[in-house]
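One structure is given here, and the rest of the page talks about it.
The values are calculated or read from the model by the stated rules, or taken from the named source; none is laboratory data. Not measured: the values here are computed from a predicted model. Here the Cβ positions follow ideal geometry from the backbone for every residue, glycine too, while neighbour counts run over all protein chains shown. When the accessible area is computed, the model is the full protein with side chains, heavy atoms only, and any ligands, DNA or RNA have been set aside. Shrake-Rupley method; radii C 1.70, N 1.55, O 1.52, S 1.80 Å.
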Amino acid sequence: MIKVAFIASEAVPFAKTGGLADVAGALPRFLGARGAEVRVFLPLYGSTRARASELSLVKKADFSLPGWRGAHDRFCLWESQRDNFRVQLIEQEGYFDRPGLYGTSGGDFQDNGERFGFFCLAVLEAMKRDSFRPDIVHAHDWQSAPALAYLRHRYAQDEHYKSTRSVFTIHNLAYQGLFDGDILERIGLPAGLFHHQEMEFYGRLNFLKAGILYSSAVTTVSPTYSREIQTPEFGCGLDGLLRHRSHVLSGILNGVDYSEWNPAEDGRLAARYTPDDLRGKARCRTDLLRTFGLPSGGRPVPVVGLVTRLAGQKGLDILAESLEDLFREKLRLVILGQGEPALEERLAAARDKHPAAFGLHIGFDETVAHKIYAGSDLFLIPSRYEPCGLTQMYSLKYGTPPVVRATGGLEDTVQEFDPAASRGNGFKFQEATSDSLLQAVRRALGVMKKADLRLSLIRNAMACDFSWDRSAGEYLDLYRRILAQP
Ligand code: ADP
Ligand code: GLC
């Protein structure tokens, strides 16, 4: 049985800001179902305390970290037993008991390097003390990448980790974790790593680089993104290094946890529905319009939904430029999102201008998210880049065809609907421009107007199967391959 330590900074149901949480919360169960023994490690954030009843204390604060010179140095270990895997949480109030995971609306926490260095070192020490000897350490994104630096540069001779191999998954190359070089010694790593062939990057220390350099294999969350990041356009300055590591780099598409995302069973909806009986979807639509305070009577007008972090990546500036033209198409728009204050303000101003057509909810709300996937007619994702994207996979399952920019995982999961053959599950546009977006939305509206085409499109969408089991199989193959290497 392969033993896997999953190190991530968020996982449902304990902490979530985006798709990483969905992945780290679901994939372990599917690895477990295929026989792996998985432990997921997370920080215990202030917001995680709401789930305290599910946690049990494993070890009190008797851990201290060898070589650690940061502000806080002891931690408690908590645990939650899930179906077929375990979640262990690192409690260190000084670092993690704050509003927000990585920062507040005012910006990132100043000590994020120290916080996540601490988290990673604590995880490695916790596994040692608990005699959990992982075959694979699987770390995700920059927050967990230091684990691989510690393994390579502090535990290389350690008996406990002597046969451990590692996988690093890039969920988003643009977030790299950049800090001052002098942090290295404080977090117990050799100062010599501040070197261009190691973790140094244009005068700063780059956590993500440690993941790419010091792992046995690197993955990204879709095949297209794994190719894109090797080009200057998408490489965020690391494309050269990624080309250099291309022999260990691959793309494994994310999946969907259909026990959580399924309109036939979703308790958050006003009504449930299946591809054979879509009446419930119409009720979800009315409920959605009411939730957003939009007019819901009269002849149905198409509803276009978005659920998104409000970040540059997501192409909301392209949407904002298209709004006046979109509203001329007589549609309703509903957006749930939070993030960059400038984008929040821009959208709020547009909502104030079109209050009867535009519903905007600034905030993070799981129930409203489910209502949008179910109650919209089309789901819009104008991303400038998208490593995988889960929201198009959710909207497909809810029979809400996605209109997406053809990039990353959106390219891999959405096929343009062909009315002549009734094939395809959504609509794609190539250019990151308002014109290109508008053309795709108009094509989609054209199809949605014709009852028979609309029904085939919805059924094609709902028939897509992105279950995690396939991806879990690919990860296990990868684990076995690297474990077989000398
Ligand atoms: P990313 O990780 O880049 O944000 P993904 O498409 O992979 O994009 O995943 C986004 C996840 O976060 C989805 O589960 C989506 O439903 C959820 N989400 C994003 N914004 C919100 C929000 N404001 N409220 C509730 N859920 C949200
Ligand atoms: C990142 C990406 C998103 C991906 C998610 C989970 O947040 O932006 O595209 O789906 O990670 O892998």
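Things worth noting here:
- Spin-label model distance (nm) - Arg98 vs Glu233, 7 Å beyond Cα toward Cβ: 3.7
- Under 19 Å from the Ala463 label point (7 Å along Cα→beta-carbon), backbone N, region 401-420: 401-402, 413-420
- FRET efficiency, Gln415 to Ala156 (Cβ-Cβ, R0 51 Å, nearest 0.05): 0.65
- Charge dipole (debye, nearest 20) of region 279-462; +1 at Cβ of Lys and Arg, -1 at Cβ of Asp and Glu: 920
- 3J(HN,Hα) along region 386-398: 8, x, 9, x, 9, 5, 5, 6, 5, 5, 4, 4, 8 Hz, from the Karplus curve 6.51 cos²θ - 1.76 cosθ + 1.60 with θ = phi - 60°, whole Hz, x for Gly and Pro.
- Database remark: amide H of Arg165 closer than 5 angstrom to the amide H of Ile136, Val137 (H placed geometrically; neighbours at sequence offset of 5 or more, or on other chains; Pro and chain starts carry no H).
- Checking the cross-link pairs Lys16/Lys428; Lys162/Lys209; Lys281/Lys371; Lys3/Lys60 against a 20 Å limit on the alpha carbon distance flags Lys16/Lys428; Lys162/Lys209; Lys3/Lys60 as lying beyond it.
- Relative intensity, log₁₀ I(q)/I(0), of the chain from a Debye sum that treats every alpha carbon as a point, q = 0.06, 0.10 Å⁻¹: -0.28, -0.76
- Rolling a 1.4 Å probe over the protein heavy atoms of region 1-58, with every protein chain left in place, gives an accessible area that is 52 percent carbon and sulfur.
- Simple point charges give the picture: +1 on the Cβ of Lys and Arg, -1 on the Cβ of Asp and Glu, and for region 1-138 a dipole about the Cα centre of about 320 debye.
- Per the Debye formula on identical point scatterers at the alpha carbon atoms of region 124-184, with no solvent, log10 I(q)/I(0) at q = 0.29 Å⁻¹ is -1.26.
- In this simple spin-label model, placing a label point 7 Å from the Cα along the Cα-to-Cβ direction at both Asp477 and Lys449 gives a separation of 4.5 nm.
- Per residue solvent-accessible surface (Å²) - the chain, probe of 1.4 Å: 39
- Helix axis angle, 451-463 relative to the chain longest principal axis, alpha carbon, degrees: 10
- The antiparallel fraction among DSSP beta bridges confined to region 279-462 stands at about 5%.
- Placed amide H near Trp68: partners under 5 Å, 5+ positions off or other chain: none
- Value at 222 nm in deg cm²/dmol, rounded to 500, when DSSP H runs of n ≥ 4 in the chain each add -39,500 (n - 2.57): -11000 deg cm²/dmol
- In Hz, Karplus ³J(HN,Hα) per residue of region 468-477 (6.51, -1.76, 1.60; θ = phi - 60°; x = Gly, Pro): 5, 4, 5, 5, 4, x, 5, 5, 5, 4
- Between Leu360, Ala282, Gly337, the Cα set farthest toward the positive side of the dipole of region 279-462 (charges on each charged residue's Cβ, about the Cα centre) is that of Ala282.
- Integer Hz, Karplus 6.51/-1.76/1.60 couplings in order for region 116-130, x for Gly and Pro: 7, x, 4, 3, 5, 5, 4, 4, 5, 5, 4, 5, 5, 5, 8
- Gain on full stretching of the segment that runs from His244 to Ser64 - 0.36 nm per residue minus C-alpha separation: 61.1 nm
- Remark on region 1-157: ratio of C-alpha radius of gyration to 2.2 N^0.38 Å is 0.97.
- Computed from label points 7 Å out along Cα-Cβ, the spacing between Gln485 and Glu366 is 3.7 nm.
- When the charge dipole of region 279-462 is built from unit charges on Cβ atoms (+1 for Lys and Arg, -1 for Asp and Glu) and taken about the Cα centre, the candidate among Ile372, Ser434, Leu455 whose Cα reaches farthest toward its positive end is Leu455.
- Rounded to 10°, Cα long-axis angle of helix 366-375 versus longest principal axis of the chain: 40
- On Cα atoms only, tilt of 434-449 relative to the major axis of the chain in degrees: 60
- For Gly315, residues with placed amide H under 5 Å, excluding near neighbours: Arg384
- Over region 434-486 - Rg/Rh using Cα atoms and the Kirkwood inverse-distance radius: 1.37
- Rounded, prolate or oblate (a/c below 1.5 giving rounded, otherwise prolate when a/b exceeds b/c) for region 75-215 by Cα gyration tensor: oblate
- Region 279-462 shape via C-alpha gyration tensor axes, a/c threshold 1.5: rounded
- In terms of its C-alpha gyration tensor, region 285-337 comes out oblate, because a/c is 1.5 or above while a/b does not outweigh b/c.
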